[in-house]
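Single-structure report; data block below.
Every read-out reported here was derived from the displayed coordinates using simple, explicitly stated rules and does not represent laboratory data. Since this is a predicted model, take the numbers as computed values, not measurements. Neighbour counts are summed over all protein chains in view; Cβ atoms, including those assigned to glycine, are modelled from backbone coordinates with ideal geometry.
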Amino acid sequence: MRRASYCAALLLALAASSAGAEAPRLSCDSLRRMQLNRVPGLLIVDVRAPADFAVGHIQGSRSAPAPIEPAAIAREGKVVVYCYDAACPLGGAAADALLAAGFKDVTVLDGGFAEWKKRGFPVETQTARAAAKPSPGRLSAAQA
C-alpha cells in the first residue's frame, strides 16, 4: 500500500509544482513550540499509512493518508503536514494539494516523523490514545 500511495503522491507533487504552489517548511523545534504555546487552530496532519500512524505519530496529530482529500481538512487555522522522513515526498505533495485547493496557511514538517522522534518529542500510539479515554459509565479506581 505504501508504494501505491508513494506513486500517487509523486503525481500530486508534479501537478502542484506545475501550478507553481509549493508549501514552506517548518522545523520540528518550531512545531513543538507551537504545541507548547497551544497555538489556536493548529492542525497536524500525518499522511503516512494508517498502520504506521497507529504504531506511532506526533502527539495530537490526525491521520489523513496520501493522497489527501482537501475536503476532509478544516480550512481554518494553521495546517502542518508530515510524512515518514526528509526523503518522503508525501508530505510536500499533500501540502501542495491543500495550497492548490485554496488553503492559506500550510507548511511541511522538515524531516518528517523520523526527525520528530530523533529529537525526542512526544509520540503517541492509537492504543495509548484509546486507553486515555474512559469508557462511558465506567471509571477505574485510579480515575475515581
Based on Cβ point charges of +1 for Lys and Arg and -1 for Asp and Glu, what charge dipole magnitude is obtained for the stretch 28-99 about its Cα centre, in debye rounded to the nearest 20?
300 debye
Take Val123 and Asp52, extend 7 Å from each Cα along the Cα→Cβ direction, and tell me the distance between the two endpoints in nm.
1.2 nm
For the stretch 28-36, take each phi angle, set θ = phi - 60°, evaluate the Karplus expression 6.51 cos²θ - 1.76 cosθ + 1.60, and give the result in whole Hz per residue in order, putting x for glycine and proline.
4, 4, 5, 4, 4, 4, 5, 4, 5
